[in-house]
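The structure appears below as C-alpha cells.
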Amino acid sequence: MSSDDFFLNNKEIKRIDFKTQKLFNHIGVDRKTLDEVFDKSTLSTIEKLISDRIIDYIDFPISSGKEGNVFLAITPKNKPIVLKIYRISTSTFKHMKEYIIGDPRFNFNHKSRRDTIYTWASKEYKNLIKLDSIGIFAPKPIKKIDNILLMEFIGKERQAAPMLKDVQLTNPKTIFKQIITSMKKMYQNADLIHCDLSQFNILIHQKQPYIIDIGQGVLKDHPLSEDYLKRDIHSIVSYFKKYDIHEDEKLIYDKIKRKKGEYHAIHQDSS
Ligand SMILES: Nc1ncnc2c1ncn2[C@@H]1O[C@H](COP(=O)(O)OP(=O)(O)OP(=O)(O)O)[C@@H](O)[C@H]1O
Ligand SMILES: [Mg+2]
C-alpha cells in the first residue's frame, strides 16, 4: 500500500467533514486533530464501532499525546468510555520496536508501520487485561480493534481524573506506598514492568493512584526489564522528593523484587 493511501484528498476531507457532523458532538475537534488521527482506515474502524453499537458517538478529545489521541466517547447506554486512537501516520514509532522485540507475546519480523502500531495497541490492551486480573487500579480494558483501544473512563461525570503531576496531594506518603505496592504486585503477580511510570502516567481518582499508558510495559524476561524497573523506581522516588519523601531506590527495588516468604525468612534470620 502506498503511503498516499493513508492521507486524505480534498474530496475525502469533505466526506469526513460531513460524517464528523454525525460522529462528533461538534466541539473541540479541530482540523489538525482530524487530519492527524483519522486516516481512512481509522475512520472506518470508528464507523464499525458505531454500527456495532459499541459507541454512540465521540464526545470530545481528552488529550493528544506523542503516539495517540485520547477521546471521551459515549455508549448507547449513555456511559462515558475512553477511546485511545494510535495515530498511524504521525506517532513516534521508532521506540516501539525496543519494547516489542524481546516480548515473547509478540512477533516482530520487520512489520510495516501500520502492523507495528496495531501490535502496540494490542500490547497496551493485553497489559491492561493483566492489570485488571491482579486487581491493580487501572482502566478496565473493553476492546481493541486495529489501532483503537477502548477502556474504562477514569473520572467523574465527564471530567477526566487529573494526572498525579497536577494534584497537590494531602496524603503523599500513602499514595507513594500505593504506587510501590502496585509496582510490586505487577512484578510479582503478573511479571510485568510498566517502563514509563511517572507523574504523567498516574491519574488520581477517588484518592487512589490509577496506572495508565502501559503500551510499552514488558514482561520480566525482556532483556532490559531490570533496567526499566530501576528507571520506573527512579522516576517515582524522584517525584515524591517534592513532598519531602526521601526513599532509597535500592531498598524499594529490593522490596519490589522480594517475594512474600523471603521477607519473613530474612526477618526471622536477623531476629
Ligand atoms: N482511561 C482514561 N480515563 C481518563 N483519562 C484518560 C484515560 N486514559 C488516558 N487518559 C488521559 O489522556 C492522557 C493521555 O493518555 P496516555 O498517556 O495513555 O496517552 P499517550 O498518547 O501515551 O500520551 P502521552 O504521549 O502524553 O503519554 C492521560 O494523561 C490522561 O489525562
Ligand atoms: Mg502518557
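Here are the numbers for the structure shown:
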read-out: Subset of the range 218-240 (residues that are crowded, with 16+ Cβ neighbours inside 10 Å, out of contact with any Asp or Glu (no Cβ under 8 Å at 6 or more places or on another chain) and not hydroxyl-bearing (S, T, Y)); value: L229, R231, I236
read-out: Residue check, L169 hydrophobic (A, V, I, L, M, F, W, C), at pLDDT 95 or above and more than 10 Å from ligand 1 (Cβ to nearest atom); value: yes
read-out: T181 β-branched (V, I, T) and farther than 23 Å from E226 by Cβ; value: no
read-out: Residue match in the range 170-191 (condition: farther than 26 Å from D254 by Cα and not assigned by TED's automatic domain parsing to the domain that holds G65); value: yes
read-out: The range 121-137: number of residues that are part of a helix (DSSP H, G or I), within 13 Å of ligand 1 (Cβ to nearest atom) and over 10 Å from the mean Cα position of the chain (by Cα); value: 2
read-out: Residues being more than 16 Å from ligand 2 (Cβ to nearest atom) and buried (at least 17 other Cβ atoms within 10 Å of the Cβ) - total across the range 58-71; value: 2
read-out: Single residue of the range 175-207 satisfying the filter (touching an Asp or Glu at 6+ places or on another chain (Cβ under 9 Å) and of a type in the set (D, E, K, R)) that is farthest from ligand 1 (Cβ to nearest atom); value: D191
read-out: So L251, is it at pLDDT 95 or above and either outside the structural domain of K173 (by TED's automatic domain parsing) or touching a helix residue (DSSP H, G or I) at 6+ places or on another chain (Cβ under 7 Å) (or both); value: no
read-out: Exclusive hit being at pLDDT below 65 and more than 23 Å from G155 (Cα to Cα), set I27, I88, I16; value: I16
read-out: Single match in D191, D146 (criterion: in contact (Cβ under 8 Å) with a residue 24 or more places away in the chain and within 30 Å of L43 (Cα to Cα)); value: D146
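The values are calculated or read from the model by the stated rules, or taken from the named source; none is laboratory data. Just so it is clear, the structure is predicted and the values come from calculations on it, not from any experiment. Don't worry about glycine lacking a Cβ; one is built from the backbone with ideal geometry, like all the others, and counts go over all protein chains shown.
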